[in-house]
Structures are given as C-alpha cells and as structure tokens.
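Derivation of every value follows stated rules applied to the coordinates shown; laboratory data play no part. Given the structure is predicted, the values throughout are model-derived calculations rather than measurements. All Cβ positions, glycine included, derive from the backbone under ideal geometry; neighbour counts span all protein chains shown.
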Amino acid sequence: MEFFTISLLNGLSYGLLLFMLSSGLTLIFSMMGVLNFAHASFYMLGAYLAYLISGVVGYWPALIVAPIAVGLLGALFEQVCLRRVHKFGHVPELLVTFGLSYLVLEVVQLIWGRAVVPYGLPEQLQGPLFSIYGTQFPKSRAFIMLVAVLMLLSIWLVLTRTRIGYIIQAALTHPDTVEALGHNVPRVFMLVFGGGAALAGLAGVVAGNTYVTEPAMAYAVGPIIFVVVVVGGMGSLAGAFLASLLIGVIQTFAVAIDRSLGDLLAGMGMQVTASGGLEQVLRLTVAQVAPILPYLFMVLILIFRPKGLLGTRET
Amino acid sequence: MNAVAKPSMPTARLVTWGGFAALLVVAPLLLSSSLALNILSQIGYLIIICLSYNMKLGQGGMLSFGHAVYTGLGSFAAVIAINYFSNHNIGLPLVVVPLVGGLVGALVAVPLGYVSTKKAGTTFAMISLGIGELVVAIAMMLPDVFGGDGGISINRTYGQPLLGVTFGPQIQVYYLIAVYCFVCTALMFAFTGTPLGRMLNAVRDNPERVAFIGFNTQLVRWYSFIISGFFAGIGGALAAINFEIFNAADALSGLKSGAYLLFTFLGGVTFFFGPIIGAILMVLASVLLSELTSAWLLYLGFVFLIMVMYAPGGVASLIMVNVRMAHFGKLRRLWGLYGGLLVTGVVMMLGVAALIEMIYHRQLNAGAGPVVQYLGVPLDTGAVTPWLGAAALAVVGWALMEGVRRRFARAWSTAQEEIESEIQARGALQ
C-alpha cells in the first residue's frame, strides 16, 4: 500500500510534468502542423535561464520571468526561421527545428559548460510535504503538480473562454476563413509557437531544480514527449493529458519493481535453466526494462490503435 | 543525373560511372597516407549509408530519425558473423560478411518498417525516433548479447587468405569497401528507375492520387524501407569491418541517426548524387574539422540551419543551379560577385569564429591560461582588444556581405529571367 501510494504520487507528478511539455508540442502541432523537434530544448533553456535569473533576483521572480524569456525566444525563432521555411512544407519545418535543437545544445554548453549546474530548490520548497507510512513525499514534486494543474486550467480557460482562444481554435481548423475575417493568422501562429515554448520553459523552471539541470536534460525527455504525443493521438490535447499520466505512472511503477521474469516463473513453480542471451533476458528486472516501456507502449498503440488513444486523425 | 532526356545519354552515363569507378580506384594511389586511406574508407561506406538514407528521405519523403538502427544492426550482424566464422572454422570469406549485414538490416526493417510506414510525414518522423530509442535501449539492456559499454571486437583477418588477400592492411579493406560502394551505388541508382522507385516518388509527392489509382501507399513505403534497410546494413557491416569493433551505444545511437540526416540533407536530397557529397562532408567534418576546433558542432548547427532556410536542396542543388547558369552562359558575369561574397563572408566568419573560439576557450580550457591560439595568432581572452576586434570584424564583414548579397540576388534573378525567356523563345521557334 505504501509502495503503491508513493509510486502513484511520483508517477502523477512525473506524468504532469510530461503533460506540461506535450501540451505545448500538441498545440503547436495541431495549429501549425509543425512538429517542434526543439521543444525539449526550450525546456532546457527554461531551466538554465531560471538558474541564471534566480541567482540574481531569486527563484519566485524567475518562475515568471524565465518562461516569458523562453517564450520570446520561441516567437523570435518562429519569425526569423520557421516562417521562412513554411512555404517549403512540413519536412523542412521539422528540419529547421532539428537544427535549432543542435544549436541550443551547443550554445548552452558554450555558456554554462558541460557539467551539472547548481540550480537548487528555494527554501520554501525544500524538505518533505508529508509522509505516508514512513516514506516522504517532497514538496518540490507537489509543487510541480500544482503548477501543472494551474497551467492546465489556464490553458483550458484561455482556449474556451477568451476571444483570442476562440480565434486560435478557429484558426486550427479554418485558417483561411479566419484570415478572411480580418485576423492576422501568422501573428496567431507566432503567439502559439511562443506560448508553447513558454510552457516548455515553465516545465524546465520547475523540473530543473527538482531533477538536475545539465546539457543532457533535453535529450532525456525529448523522445518521451514525442511518444506521448503519438500515443495520445496527434493533435489531441486530452489525449496528450491521458498519455502523459499513463506513461508517467507506468514508468514510475516499473522503476520501483525489482523483480524479473525469471522470478515470476520461479514463483509459478517453473524452474527455467537457460544460458547466454536468454538467461540474461530472464534475469532482467522490471526496473531495468523501464526505459523501453514508453517506446514499447507506442509500438503497441500503433499496431492496435493507429490514431492514438483519443486521436481523430488517421495520418 | 537529371540529364535523362538528353540524346547522348548512354555516353554521358558511361562517362559518369566510369569516372566514378576510376576515382574509387585511383584515390588511394594519390592520397596514400594512412590518415587519407582511413578517410577514404569511411567515405566509401558512408556513401552507401547516406544513399540508403536518401532512399527514405529524398525519394520517399520519409524523414527518419532512426536510420542508425539498420546500420548499427548491420554492424552487429557483421561482428557476430565474423566471430562465428572464425570460432567454428567456417570457410566463408570476409567479402560475404557485408551481405550478412545487409540481410540482417533488411530483416529488421521488415517488422520495424511495417510499424513505421503505417504513417507518413511528421508522424513517421516521431515513430522512427521512438523505434530508434527502443532499439538502443534494448541493446543497452542486454550487455551479454550486444557487448555493453566495451563493445565487441573482431579480427577481420580470420581464416585463410582469399587469393592472397588477408584484409589485414587498410588498403585491402579500402578496396573491399570501394567495390561494395560502387556496386551499391549503381544498384541504388538502378532502383530509382524501377517501377517501385518511380511509385515511391509518386507516393512522396501525392499519396492521395496514388491511392486513388489503386496503389497501397503503405506497401510502397514499406518495400522501399526494407530495401533501404538492406543497403544500410551493408554500410554498417563495412563500418564494423573497417574499425574492427561494434559498440551498441555508439553505432545505434540517436546521435548517429541525427548525423546521417544532417549530412544527407547538407549534401542534397533532391539529386541522386547529393548524399555522396554529404558523405564526404560528414567525414571531413568529423575527422578534420573536429581536429581544428572543439566548437565544430556549433558551426555545423549554424551551417545546417542556414542551409535549411536558404538552400533546402543542399550542396547538390547549389551545384546544379550554377551548372544551369553556366550552360546558358550567364555564370561569367556572376564570378565577380561570387568573389565578393567569398571575401566578405570570410571576413565575417573570421570575426565570428574568433568570438566563438574565445568563449569556448574561457569556458572549457580556462585552466590552460587566458591565451588561445587562433589560426596561429595568440588572442588574450583576458584583454578587451581581441573581443572588440573580433566583434568589429564580424559586424563589418556582415555589413559588406549583406551589400554584396543584395547585388548578387539582383544579378541572379535577372539572369534567371533571361534564361526563362530564352527557353520560351526556343519553345516558340519549334
């Protein structure tokens, strides 16, 4: 029970973090058709900028300023680079963000070096929030959950209750009509791209000090959020939410289970003797298999439900 | 290769392929140092890999982030085969090992390709990335099978010499690679002319219409994917033979896949020979540029970004538009402007590179003192003058280049228009 509760909480907190990332990716994708390969790079930039800013004015202002800065950088990139390749089609758009991810990684290493930077938690977030059955749940993870839920709520409110939200939703499906009605659709695109980047930056700010801030952090989550978007269904925000939580919880549980296939068979009364590669397969614990689970999940979804959990598009 | 419609096609083609073969034969005689030989060998198998990658990207419109899966598993198959042959005294010579790699690459591409090619476009890209991560994670999970961090070493000189060739010396391995390179290039070029190859282009350009006339677009993509996997496996096997080691963390990594994508694109995906240029660039960048500067990935990222934005056809298309200019006799008036672009560009790059090198030095080698050697000139990163000087050089170079670029763009579009009207005039005469 103790194991279950703590793993569930950790899984939810990780899943909500994934959602903060995948929501921006999904919004950008469904609106502009652009798969932003550099999304995780904006996440990394958020963490590094927060480290920089919190060193000057403290953590709480950085929580606001760093995502805005990342959002501005994202909007600038959309203006200067992405818009220019838009006429070439979706593959060059993807390539230009791929190039950006290279560049951001190198620039981050250039400015902050290749080692982990000491981006620590503020005093208010240190220590445990509560403890269940003797195991502590840290405040910082609860804070990630709080921020993610607030963000989810505000995206939902903006999209469904404000004028700009209506325009964004309309531009999603009928960009030409929206343009004919006199709205500046390219500027809406820029806004969405910058907004998506800012969301990723916010995720970086809260995750950077809970986990670690290092140049490898972008590549550690990048493929996972792509998996989330494919599993949830391309362009479906609700699907991304569901898939984020699922993958977060599955992975956290798997990491915590220290049993192997061999143990399971032995528990069922079967003694299997094998050698070489097969023996190693039997000795693998679930925790060791954890890194591949999201990808395996993706392959299974593709075979059995190609449009994703809540997706509507076939291709 | 776009000279398909010309009447003198057979001779032109004979000259092209004969020249390619002659170049492969003669290259190691002209550049015989061991570094040059190593570079040539790497170029040889990378040509196969980049061409096989372009079968997906350029010809099929499938942007893959997981090509290293097929090359890497080809390498893996090669080392396993070589170790098996030598441990069990099987008389199969080294020359067939790349075929083993190719078969494994194709076999792996059967199920993985089936899953990936269910979707096209950006979804395909995401899936290929996920599958790439899946395979590398599995390989790292099973160190007994895939060799773990240490990798698996081989001895390519196993067994009896074949007609006196042991494949010990690098030159013999080079010729093995060169023969495979020539044959695979020819086969892949032939593929572009087959019905499947033509259908692949159609699926890339307009899948809806292809589906409408009764073809299954997924099958076309899937078959091509498998063929691409076969050639990727051959390339990977040759890579393993060249280095006599297989390391899963390196050979299968997403970084490798990214590099194949990057350089194939830089070479040019719209022409068949583009990836060959890409392969050459890849080796020159990773062997020579990385010796010159530790910031080489940064420069590479910049170059890539600029190419995607301004020359999405890569180096190959830049060459071809200039060939077209020359063909119509317009290139002569552009020479001066090209010279201007070159000179101002070099000035700007000198300044920018000096800035980057100084920042890099401060960040990574601060322990070695404040002075960095830049093209033989000592720059003191502690002083203000070098920073100001470099920045000034960069800004002045950029301003001059912008001026020349505008004139160049004007001259270029005038020449283009003249060519267009010439073509129209010719059409009117006929």
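For this structure, a couple of remarks:
- Peptide-level mean, for A:290-297, of C-beta atoms on other protein chains within 10 Å: 5
- Under 5 Å between amide hydrogens, built in the peptide plane, is the criterion, and for B:PHE65 it picks out B:SER128, B:LEU129 among residues at least 5 positions away or on other chains.
- Which of B:PRO370, B:ALA383, B:MET348, positive extreme of dipole for the range B:328-429 (C-beta unit charges): B:MET348
- Evaluated at q = 0.19, 0.22 Å⁻¹, a Debye calculation over the C-alpha positions of the range A:133-222 (equal weights, vacuum) places log10 I(q)/I(0) at -0.94, -1.08.
- Rounded if a/c under 1.5, otherwise prolate or oblate - the range B:259-302, Cα gyration tensor axes: prolate
- Rounded to the nearest 20 debye, the dipole magnitude of the range A:49-180 is 140 debye, with +1 charges on Lys and Arg beta carbons, -1 on Asp and Glu beta carbons, and the Cα centre as origin.
- Residues B:VAL104, B:VAL404, B:VAL396, arranged from fewest to most other Cβ atoms within 10 angstrom of their Cβ, appear as B:VAL396, B:VAL404, B:VAL104.
- A viscosity of 1.567 mPa s and a temperature of 4 °C, combined with the Kirkwood radius over Cα pairs in Stokes-Einstein, give a translational diffusion coefficient for the range A:2-221 of 71 µm²/s.
- Farthest towards the positive end of the charge dipole of chain A, among the residues A:SER260, A:LEU25, A:PHE137, is the Cα of A:LEU25, using unit charges on the Cβ of Lys, Arg, Asp and Glu.
- Fewest-first sequence of A:MET217, B:MET282 by Cβ atoms within 10 Å of each Cβ: A:MET217, B:MET282
- Overall form of the range A:191-256 per C-alpha gyration tensor (a/c, 1.5; a/b vs b/c): oblate
- Rounded to the nearest Hz, the phi-derived 3J(HN,Hα) couplings of the range B:170-178 under the Karplus curve 6.51 cos²θ - 1.76 cosθ + 1.60 (θ = phi - 60°) are 4, 4, 5, 5, 4, 5, 4, 4, 4, where x marks glycine and proline.
- Take the Cα of B:ASN89, step 7 Å toward its Cβ, do the same at B:LEU318, and the gap between the two points is 5.8 nm.
- Rounded FRET efficiency, nearest 0.05, which uses the C-beta distance separating A:ILE303 from A:ALA256 and R0 of 30 Å: 0.60
- CD proxy at 222 nm, helix term only [per DSSP H run n ≥ 4: -39500 (n - 2.57); per residue of chain A; nearest 500]: -23500 deg cm²/dmol
- Note, ³J(HN,Hα) from phi for the range B:91-96, Karplus 6.51, -1.76, 1.60, rounded to Hz, x at Gly and Pro: x, 6, x, 4, 5, 8
- Hydrodynamic radius by Kirkwood, which averages 1/r over all alpha carbon pairs of the range A:28-136, in angstrom: 16.0
- Reach of B:LYS118 by Cα under 18 Å, taken over aspartates and glutamates that are not fewer than 8 positions away in the same chain: A:GLU314, B:ASP205, B:GLU208
- Modelled this way, with points 7 Å down the Cα-to-C-beta line, the labels at B:ASN155 and A:ILE164 are 7.0 nm from one another.
- Dipole magnitude of the protein assembly as shown, debye to nearest 20 (Cβ charges: Lys/Arg +1, Asp/Glu -1, about Cα centre): 1660
- Look at the dipole of chain A built from charges on Cβ: of A:VAL188, A:PRO215, A:LEU245, the Cα furthest out on the positive end belongs to A:VAL188.
- Applying 1/(1 + (r/R0)^6) with R0 = 45 Å to the Cβ-Cβ distance of B:ASP250 and B:ALA428 gives a FRET efficiency near 0.15.
- Start at zero, step by 5 Å, and the Cα-Cα distances of the range B:328-429 spread as 2, 12, 16, 14, 11, 9, 8, 7, 6, 5, 4, 2, 2, 1, 0 percent across the bins.
- In terms of packing, defined here as the mean over residues of other Cβ atoms within 10 angstrom, the peptides A:284-294, B:232-242 line up highest first as B:232-242, A:284-294.
- Three-way shape call for the protein assembly as shown based on the alpha-carbon gyration tensor, with the a/c threshold at 1.5: rounded
- Relative to the Cα centre, the charge distribution of the range B:328-429, modelled as +1 at Lys and Arg Cβ and -1 at Asp and Glu Cβ, gives a dipole magnitude of about 240 debye.
- Translational D in µm²/s for the range B:11-85 (Stokes-Einstein at 20 °C, 1.002 mPa s, Kirkwood Rh from C-alpha pairs): 143
- For the range B:298-386, relative contact order (Cα pairs under 8 Å, six or more residues apart, normalised by length) works out to 12 percent.
- Relative protection proxy for B:41-51, B:349-359, B:69-79, A:109-119, from highest mean packing down: B:69-79, B:41-51, B:349-359, A:109-119 (other beta-carbon atoms within 10 angstrom).
- The ranking of B:VAL377, A:VAL229 from fewest to most other beta carbons within 10 Å of each one's beta carbon is B:VAL377, A:VAL229.
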